[in-house]
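A short reminder: the numbers here are calculations on the coordinates, not readings from a lab. These numbers come from a predicted model, not from an experiment. Virtual Cβ from ideal backbone geometry, glycine too; neighbours counted across all protein chains shown.
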Amino acid sequence: MEEAKTILSTKNLECFFGDFQAVKGISIDYKEKSINAIIGPSGCGKSTYLRSLNRIHEEIPGAYNKGEVNLLGKNIYEKDVDPVLIRRNIGMVFQKPNPFPSLSIFDNVVIGLKLQGVKNKSLLQEKAEHSLRKAALWDEVKDKLNKPGTSLSGGQQQRLCIARTIAVDPPVILMDEPTSALDPIATASIEELMMELKKEFCVIIVTHNMQQAARVADNTAFFVLGELIEQGASEQIFTNPKQKKTEDYITGRFG
Amino acid sequence: MMIETTNYYRWRKFKNRFFQFLLIMAAIAVLTPILLIVQYTFVKGAGSLNLDFFTNLPKPVGEVGGGMRHAILGTLYLVAIGAAIAVPIGIMAGIYLAEFDKKSALSRILSFAIDLLTGVPSIIVGIFAYILLVVPMKSFNAMAGGVALSIIILPIVTRATEEILKLVPDHIREAGLALGIPRWKVIFMIVVPGSFKGIFTGVMLAISRAAGETAPLLFTAFGNMYMSYRIDQPMASLPVQIYNYAISPFEDWQRQAWGGAFVLIIIVLGINLTSRAIINRNELINFFSELKKKLNSKKA
Ligand SMILES: Nc1ncnc2c1ncn2[C@@H]1O[C@H](COP(=O)(O)OP(=O)(O)OP(=O)(O)O)[C@@H](O)[C@H]1O
Ligand SMILES: [Mg+2]
């Protein structure tokens, strides 16, 4: 089997809120076409770490980063890099479904393309259908594309947000607890969707759901208090962890 | 365990009723002046209204009749000048306060200035416009009146825009940024259009407030007794016309002042109601289509 290519990697990544350091030097490699889970107790810096991968973290007043995030070998924190271009290559799905309330379902999906200057109607139409199909939402919304995005159910809204992210075609997709606001059925459909996305994208997902990580992720990283305790193939992490802390956490004795 | 709290329950129920009663009284206290004002101006003013009132200009002193066409149009004209100046600037300033450099010195100074401006008595605004535009032009003029009204409108629009935009949760902005949309486009293409209704309501509120102002116009646009569209000449307005007629010794003018007051109230209410109707257009459309469906199903 040919060795999968590393698409994204962090090297000694540190994240700060003013004086407070939330993430303390984390180095992980992410391969193409893989799902990577990040687990750990609440407040350990998972979201902060994830938000540093697409330079959203720095939008919070006083927040900044140290270390490297390499996208295809290029450090995205170098001075001449435009965060806007980085974010077009590293998409993000948030914990709470957040479709744009003023936009229709259709516009929610294509807004990224539209604001990048794509005007061709049939191309937008095509992209919208493609992305909604990929997000397993097309059949449910194809007759009401002009309804507001917020008129959908929570699970549908989350899939709409995934469609919106896919539409700009980023090779890497970040997801911060994308199913924590959803019921088991909607969760199952999002998980199925992730397996589908894996065929094309590198997905990095933060989750509190250990079964979910074990089910969908190829690799899992375990954080505590801003530090990386252990990382490896999910199978190994969940069946044969090397660190005592990891074992305690996944068996529910600590966290 | 026994559930034996009947007395307590009665006492609690009484307290509940009592506070509900207080709140209802407060609501009535708020409604009363509004209803009385509308009712009183209607009774006193509606009688003076006829076609002449809207289409004619004032008659010479002593002659009965004539109308306020010049003042009605003048008010619309002055408010339009004021809005044309203040609404774009106010919206932009509001966006700046809510979306950019929230903690910068400039935005703190601006925010403080808006508070001050809101509190400046409108007569002072008039004096300011007088010194700025009437003194150098050596004549009362409509431009000075419009500028004075714009100073009334500006802080209201700025604050309203800022407050409305602050209601938009940050995760909406982050969702836009995460799509690789530049910050300014996120603000102008997603956040602001999404808050259109709220900003529009603020603008309409500010405009209807300005339409009723007298003090800023007394020594700027000043007023006159004939029709004028010239921006460098005095211009009549309803509030000033009402004021002049109301303090005059002529009975027919006093009667017309009531008519003017009634028209002014209708204009202000009209602005409010139309803006509401525009905002709720979809709800209106839905209402009628539902109604139609119901009627149709009854027929069937
Ligand atoms: N805006 C902020 N300003 C200051 N500190 C913050 C801010 N957001 C988060 N933190 C702190 O940074 C640390 C990491 O927070 P983060 O949200 O990354 O945790 P998390 O692992 O995602 O937790 P959860 O599982 O609850 O989502 C926490 O100690 C938190 O208090
Ligand atoms: Mg989190």
Nitroxide proxy distance, nm - points 7 Å out along Cα→Cβ at A:LYS33 and A:ALA188
2.8
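Could you give the length gained on full extension between B:VAL38 and B:PHE250, defined as 0.36 nm per residue of separation minus the Cα-Cα distance, in nm?
Taking 0.36 nm per residue and subtracting the Cα distance, the gain is 73.9 nm.
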Of the cross-linked pairs A:LYS31/A:LYS119; A:LYS79/A:LYS127; A:LYS46/A:LYS198; A:LYS5/A:LYS134; A:LYS79/A:LYS134, which ones have a Cα-Cα span greater than 30 Å in the structure shown?
A:LYS31/A:LYS119; A:LYS79/A:LYS127; A:LYS79/A:LYS134
Obtain the nm distance between the two label points defined at B:LEU284 and B:ASP232 by a simple spin-label model: each point lies 7 Å from its Cα along the Cα-to-C-beta direction.
4.2
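Using only Cα atoms, what Kirkwood radius does chain A have, in angstroms?
With all distinct Cα pairs of chain A included, I get 18.8 Å.
Could you work out the relative contact order of chain A? I mean the mean sequence separation of Cα pairs under 8 Å and 6+ apart, divided by the number of residues, in percent.
Averaging sequence separation for qualifying contacts and normalising by length gives 26 percent for chain A.
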So how many Lys-Lys pairs in region B:69-241 land under 20 Å Cα to Cα, not counting same-chain pairs under 8 apart?
6
Debye log10 I(q)/I(0) at q = 0.15 Å⁻¹ for region A:1-123, Cα point scatterers:
-0.84
For region A:1-107, give the magnitude of the charge dipole about the Cα centre (Cβ charges: +1 Lys/Arg, -1 Asp/Glu; no others), in debye to the nearest 20.
180
Quick calc, region B:69-241, dipole around Cα centre from Cβ unit charges on Lys, Arg (+) and Asp, Glu (-), nearest 20 debye, gives 120
Could you tell me the relative contact order of region B:69-241? Use alpha-carbon pairs under 8 Å, at least six residues apart, and round to a whole percent.
38
If R0 is 60 Å, what FRET efficiency do you get for B:LYS294 and B:SER139 from their C-beta distance, rounded to 0.05?
0.45
Treating the Cα atoms of region A:56-100 as identical point scatterers in vacuum, please give the log10 of the normalised Debye intensity I(q)/I(0) at q = 0.14, 0.27, 0.31 Å⁻¹, two decimals.
-0.42, -1.17, -1.28
More than 22 angstrom separation, counting every C-alpha pair in region B:69-241; what % is that?
48
For A:LYS199, list the aspartates and glutamates whose Cα falls under 17 Å from its own Cα; do not include residues on the same chain fewer than 8 positions away.
A:GLU2, A:GLU3, A:GLU32, A:ASP169, A:GLU191, A:ASP218
Label point 7 Å out from B:PHE112 along Cα-to-Cβ: which residues of region B:80-102 have amide N under 15 Å?
none
A:GLU59 versus A:LEU123, label points 7 Å from Cα toward the beta carbon: distance in nm?
2.5
Full extension between B:TYR8 and B:ILE131 adds, at 0.36 nm per residue less the Cα distance, a length in nm of 37.5 nm
Mean Cβ count within 10 Å, highest first, over the residues of peptides A:88-97, B:93-102, A:67-76
A:88-97, B:93-102, A:67-76
Give the average, rounded to an integer, of partner chain Cβ atoms located within 10 angstrom of each Cβ in B:165-177.
4
Calculate the mean, over all residues of peptide B:179-192, of how many other protein chain Cβ atoms lie within 10 angstrom of the residue's Cβ.
5
What angle do you read, to the nearest 10 degrees and between 0 and 90, between the alpha-carbon axis of helix A:105-115 and the longest principal axis of chain A?
80
Candidate span helices, chain B: DSSP H, at least 20 Å along axis from Cα coords, Kyte-Doolittle average at least -0.5, result B:6-45, B:69-99, B:105-119, B:142-166, B:196-211, B:251-279
For chain B, what is the convex hull volume of its Cα atoms per residue in Å³?
294
Within 10 Å of each Cβ of A:154-165, how many other protein chain Cβ atoms are there on average?
1
To two decimal places, what compactness ratio does the protein assembly as shown give when its Cα radius of gyration is scaled by 2.2 N^0.38 Å?
1.32
Between region B:1-75 and region A:1-60, what is the C-alpha centre distance in whole Å?
61
